[in-house]
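The values are calculated or read from the model by the stated rules, or taken from the named source; none is laboratory data. It should be emphasised that the depicted structure is a prediction, and the values quoted were computed from it without experimental measurement. Neighbour counts run over all protein chains shown; Cβ positions are idealised from the backbone, glycine included.
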Amino acid sequence: MKDLISDRKLMNTTMWILLIGVAFFGNVPIFVVIYLTFALFMILRTTQSQFPKKTKVTMIVAYVFLAVLQDVFVANVVDVSHINMVTGFLSRVFASAIILLPLAVERSVVVNKKTDFYLPSIKEVATISFEQLNTNREAITQSLQGIGKIKHTLSSENLKETFEDLHRHSSTRYINNGSLTKDYFDLAQQSLTDPYIYIVISNTGSSASEIISLFTQKQYNHASLSFDEDLKTIISYNGGEKVYPPGLNSEMVEAFHKKDDASVLVYKLPATKEQKQLILDKVQQINETGSAYNLLGLVMKHSYRPNIMFCSQFVYKMLKQANLEFFDKPAGDVRPTDFIELDYYKKLKFCYEIKF
């Protein structure tokens with residue numbers, strides 16, 4: 001016990017000296033090395049914890065993701081032209097503070113899981129066997145291999161495109177009104193005799209979709225709804241393709257082709273004419289009242305107003321409107337792939353796949 005307390009004091013002292021030192025003298029290469037080294041340390045630390053395997057993998061991916069975000073931040077803030085020495089120093093102080101972000105992730109997991117977790121002593125770390133390292137090598141390797149994808153996803157082009165679009169969104173007020181025309185509702189009305197409602201899951205390759213995939217760890221990150229099999233009435237909550245405000249909009253399948261391996265999966269769910277009418281009535285009500293894309297809801301899982309939603313949240317709510325939902329989950333927690341992965345009773349029938 002004394003050794004453990006002594007080790008903790010030594011590590012705390014070392015950490016404070018490190019933070020103060022880099023705050024005064026750090027530059028981009030130093031910060032990058034520290035971020036990556038600390039991420040690797042946290043990965044090794046996690047592999048030796050008592051968390052379930054799924055939790056370990058999630059934490060490891062989070063550490064890799066944070067390391068890349070930290071590198072992107074420091075490359076754009078530290079060692080650039082500042083107004084004066086004070087702003088330059090403050091940028092290094094902030095860059096030093098975010099070194100500890102992985103510890104915040106770990107702390108969050110410990111609190112949520114109510115798991116006892118302590119920093120292993122130096123002696124315990126030194127006794128990690130080769131067999132243990134070999135057992136955890138696959139998880140570590142997979143996480144490190146993901147760095148290449150993360151760097152591509154968080155490229156300056158993708159980040160610029162995403163951030164330039166943020167000003168068009170609102171998570172507190174309705175900004176989209178009447179984007180669905182009378183012609184759309186006439187066409188949808190004609191499709192009510194089709195005995196199915198169609199759920200469309202897509203992998204579009206948009207910059208926003210690629211960034212979302214870092215959090216969901218899923219290939220498909222967009223969900224849509226259609227009243228007909230040919231997708232002439234396909235709708236969802238989206239960014240409006242810079243033509244309409246973000247919110248409830250009709251979609252064109254051709255617009256999903258934003259990367260070479262983009263693809264669309266189309267499923268059908270049995271539905272009566274009355275059930276489809278209930279959904280169409282609700283869609284018309286949203287169209288008239290107003291809507292907005294719930295960008296913050298992707299993280300906070302909360303909608304400030306009823307018609308502020310993201311894509312999968314919208315699809316799930318529409319199915320629930322007609323008692324067609326086939327799994328039970330809070331709408332704010334539903335992700336596009338849930339419609340496939342949580343279809344335990346095989347309610348959906350696969351129709352076709354579109355590859356571009």
Kindly establish whether residue 86 is of a type in the set (A, V, I, L, M), modelled with pLDDT of 65 or more and assigned to a helix (DSSP H, G or I).
no
Among 327, 350, 310, which is the only one that is crowded, with 19+ Cβ neighbours inside 10 Å and either in contact with an Asp or Glu (Cβ under 6 Å, 6 or more places away or on another chain) or not small (Gly, Ala, Ser) (or both)?
310
The stretch 21-48: number of residues that are of a type in the set (Phe, Trp, Tyr), more than 21 Å from residue 106 (Cβ to Cβ) and within 27 Å of the chain's Cα centre (by Cα):
0
The lone condition residue 302 fails out of (1) at pLDDT below 95; (2) surrounded by 15 or more Cβ atoms within 10 Å (Cβ to Cβ); (3) of a type outside the set (D, E, K, R) is (2)
Can you tell which of 310, 314, 326 is among the hydrophobic types (A, V, I, L, M, F, W, C), over 18 Å from residue 284 (Cβ atoms) and at pLDDT 95 or above?
326
Check on residue 79, of a type in the set (D, E, K, R) and either farther than 30 Å from residue 27 by Cβ or modelled with pLDDT of 75 or more (or both):
no
Is there a residue in the stretch 190-209 that is modelled with pLDDT of 65 or more, loosely packed, with under 15 Cβ neighbours inside 10 Å and assigned to a helix (DSSP H, G or I)?
yes
Quick one: which residue in 328, 333 is free of Cβ contacts under 8 Å to residues at least 24 places away in the same chain and more than 19 Å from residue 266 (Cβ to Cβ)?
328
Is it true that some residue in the stretch 260-270 is at pLDDT below 95 and of a type in the set (Ser, Thr, Tyr)?
yes
